Amino acid sequence: MELVCPAGNLPALKRAVDEGADAVYFGFQNATNARQFAGLNFTDKRAREGIDYAHKQGKRVFCAINTYPQPDGWQQWTRAVDQAADLGVDALILADMGLLDYATQHHPDVARHLSVQGSATSHEALRFYHEHFGIKRAVLPRVLSITQVRDLAKQTPVELEVFAFGSLCIMAEGRCYLSSYLTGESPNTRGVCSPAAHVRWEETPQGLESRLNNVLIDRYAEGERAGYPTLCKGRFEVAGETYHAIEEPTSLNTLELLPELRELGISAVKIEGRQRSPAYVSKVAGIWRQALDRLEGAPGRFHPEHTWMAGLAELSEGATTTLGAYERRWK
Amino acid sequence: MSTPPTLQLSLGPVLFYWTREHYAGFYREAADWPVEIITLGETVCSRRRDMKLDDWLGIGRELTQSGKQVVLASQTLIESEADLRDLRKLCDNGDFIVEANDQSALQRLSNAGLPFVAGAALNLYNPATLDVMKRAGMQRWQAPVEMSRDDLTQLIADCHQTGVSQPCEVFAYGHLPLAWSSRCFTARRHQKPKDRCQFVCQKYPEGLVLRSQESRDVFTLNGIQTLSSACQDLRHELPAMAETGVSVARLSPRAEGMAEVVSAFNQARQGRLPIPDPLTLVDAEICDGYWYGQPGMDNTRTGAN
C-alpha cells in the first residue's frame, strides 16, 4: 500500500518524502484546492522544486484541484490543471465533472484521481467516473463502514485510496454546505470550511467562547481544552441536552485496520493535513512508514505498537482518535 | 384572461420521515395545489421503510391523473449493496423520470439510456459539468443550494451559449438540505445506535432543532441529513428568477401550512406581491442569504444574520 502524505508547503513536502511517503499531494495558492489557507500551498516555482525533490527520490507527486469551478472562474481552474500538467505531476486529484472532462480531453496522459470531494460512495458511482473520465484511482469519503468498503472494493473498476489519519469530516465530502450556510464560504466554492477569517474567540464570564460569523460554536470552562471551532465539532443544544451533537473534536486513526485494508486490495492510505506543520507531517509520515513496513514484512502478525498509537494520539484533535465510520457502531 | 405564469412550481420530495397516513393525506391535498411538478420518494435514509417503491408509484399515478408531472427522487447518500439494489428498482420503475442525487444513479440511468433530472447535490457549478450531464441524458437540473443569483445568472447565460438549454430548478422554499452523513444525528440524540434507531426520526415531522448554547437556532437534524434551521424563502425573488432564466421554483414540503405556502408562491409568480404573510402560520425563521451571495442563514429583508 502506498503512503500518501500532505504537503502544505515545500518544507512539509521534503519532510514527508524524507520520512518515507510514497507520494505527496499539494495544491496551488488559490481557491482551486480544498485547503485554501493563508500562507499555505505552492507557487509554480515552489511546486517545481518540490516535484524535482520527490522525483529524485523516486516518489510521486499529486496535485489537488478539487474544488468546484465557479461560474465566473472556469479559467482559473483549467489554468491550474494546465499548470499541474506542465509541471509534470504524476496525477491530478479532481472532483468536478466538468474539470475531469477538461483534463481527460486536454491532458489524457496525466493520471486522474477522483478526489474525496467527488463523493463517490459506491462501485456504481466509481464506474460513472471511470467510464466518463477514465479515472485511475478514487479517494473514498469517510462515511463507509469497513464492511461497505469491502463490498465496494470487490467490484471497483479503479484503484482505491482511503483516509488513514487526520481530521475527520463526518459529512459525505463534497456534499456539505454547512460552512457556506454560516459564513458564505464552503469547501466546494472556496476550498475552506469554517474559515479562520470568521472565527472569533472571547473570554466571557461564562467561559472562553468560540464563534463562527457570530454563531456560538462552543464555550469552554476553566481548564477545558479548547479546539478550533469547526462548525460540526462544537457543543450545541438539542431537545434540552447540550453536547457534541454532530461530532466530538477527534481525529481519524485507522492504523489497526491496516491488515484488513491491505487484504481488501486498497492501493493507498492517505494522511490528511496540508494545513499542518512540517513537524506534524514528518512525525505522522514516520509512524505510518514504520507501520506499513511492518505490515509488509509480516501481514498476519501485524499489531499497532503502543508507541505509534500514543504518538498519533498526541498529534490528534482533542488528543483522541476514532475509527469513525469504518466501525459500524460509530454511526 | 390571465397570462400563463412563466415559472413552474414544483413540490420537492418530503425530506422528513412521516407516517404512511401523513404522506397519503399530504399528497391527496397536493393533487389540488397549483404546482406543475411533484417529486416523490425517500432521499435521506434507507432505513425509513414505511413507504415502498410501489407506494410511491401508486401516489405518482394518482398525481399524474391530477395533471402533475411526477418525478421519483433517488437517495442522496448511497452506502451499501442494498442501497444499490433499491436504486436499480427505482431507476427501472418504467413510469416516471428519476431525479439523480448521486453518481450511482447517474451511472444507472445514463447506461440504460434513461432521461433524468440532475439533483442539487450533484454539484453542478459550471457549463462544462452541465454539458457532461446533458450528454448523459439530463432533462432538467437543479442549481447547488449555495449558488447566488449572480452566479446563476451567469451560469444560465453561459449554458445557453454552449448549447445547454435544459431548464433549471431553484430551491425556493423550505429548510435547505446542507449535509449528509453516515451517522444518524437523531438516533445519536436518543443515544441509540443507527442500526437499532427505532425510527426515532419519525417523531419529528419537521426535524429536530439544533441550537447554539445561547439558544439561537442553527441547524435542523433530520436523521443522517442536516438542514438549515431557518426556512429559505425566495418568494420575493420569483420575478428576478424568471428573468434570470430559471424555469422551476422548488418548494420543499413542511409538515404544516404547506397549502398556504404554495398559494403564496402561486400568487407571487403572477406578480401579486406583496401579500399577507402566510408564513406566520409556520413557525420558522426565514433566510435568503445564499441568493444574495451572503451566508445562507442571512435574511436580507430584515438585515438579520
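Quick note: the coordinates plus some simple rules give every number you see, no bench work behind them. Keep in mind it's a predicted model, so treat the numbers as computed, not measured. All Cβ positions, even for glycine, are placed from backbone atoms using ideal geometry, and neighbour counts span all protein chains on display.
Odds and ends about this structure:
- The mean number of partner chain beta-carbon atoms within 10 angstrom of a residue's beta-carbon across peptide B:98-106 is 5.
- Net charge contributed by nearby residues that have their C-beta within less than 13 Å of B:C91 (K/R +1, D/E -1): -3
- Taking a point 7 Å out from the Cα of B:L273 in the direction of its Cβ, the residues of the stretch B:165-204 whose backbone N falls within less than 15 Å of it are B:170-174.
- Taking each of A:K233/B:K52; A:K154/A:K331; A:K154/B:K89 in turn, the alpha-carbon distance tops 29 angstrom for A:K233/B:K52.
- Modelled FRET efficiency - R0 60 Å, A:A85 with B:E256, Cβ distances, 0.05 increments: 0.65
- For the segment A:234-241, counting C-beta atoms of other chains within 10 Å of every residue's C-beta and taking the mean gives 6.
- Hits among aspartates and glutamates - C-alpha to C-alpha of A:K14 under 18 Å, sequence gap 8 or more where chains match: A:E2, A:D22, A:D44, A:E49, A:D52, A:D90, A:E272
- Share of Cα-Cα pairs in chain B lying beyond 26 Å, as whole percent: 43
- Mean per-residue shielding of peptide A:94-102 is 5, counting Cβ atoms of other chains within 10 Å of each Cβ.
- Within the shell defined by Cβ-Cβ distances under 14 Å, the residues around A:L92 carry a net charge of -2, with Lys and Arg each +1 and Asp and Glu each -1.
- Taken over the protein assembly as shown, the convex hull of the Cα atoms encloses 146 Å³ per residue.
- Centroid-to-centroid separation of the stretch A:99-166 and the stretch A:226-250 [C-alpha atoms, Å]: 31
- Here chain B is treated with +1 on each Lys and Arg Cβ and -1 on each Asp and Glu Cβ, and its dipole about the Cα centre works out to around 760 debye.
- Largest GNM mean-square fluctuation across B:S80, B:S182, B:S252, computed for chain B with C-alpha springs under 10 Å, falls on B:S80.
- Here chain A is assigned +1 on the Cβ of each Lys and Arg and -1 on the Cβ of each Asp and Glu. Its dipole about the Cα centre then comes out at about 340 debye.
- Unit charges on C-beta of K, R, D, E only; dipole of the stretch A:159-303, Debye: 420
- Neighbour-limited loop hits for GluC sites (Glu not before Pro), the stretch A:228-331 (at most 15 other Cβ within 10 Å; DSSP other than H, G, I, E, B): A:E305, A:E327
- Taking the charge dipole of the stretch A:185-258 about its Cα centre, with +1 at Lys and Arg Cβ atoms and -1 at Asp and Glu Cβ atoms, the residue from A:T242, A:G207, A:T230 reaching farthest to the positive side is A:T230.
- The stretch A:270-331: chymotrypsin sites (Phe, Trp or Tyr not before Pro) in DSSP coil with no more than 10 other Cβ atoms inside 10 Å: none
- Trypsin sites (Lys or Arg not before Pro) within the stretch A:11-67, DSSP loop, no more than 11 other Cβ atoms inside 10 Å: none
- Normalised by 2.2 N^0.38 Å, where N is the number of residues, the C-alpha radius of gyration of the stretch A:1-140 stands at 0.99.
- Ranked by the mean number of other Cβ atoms within 10 Å of their residues, highest first, the peptides B:220-227, B:294-301, B:24-31 fall in the order B:220-227, B:294-301, B:24-31.
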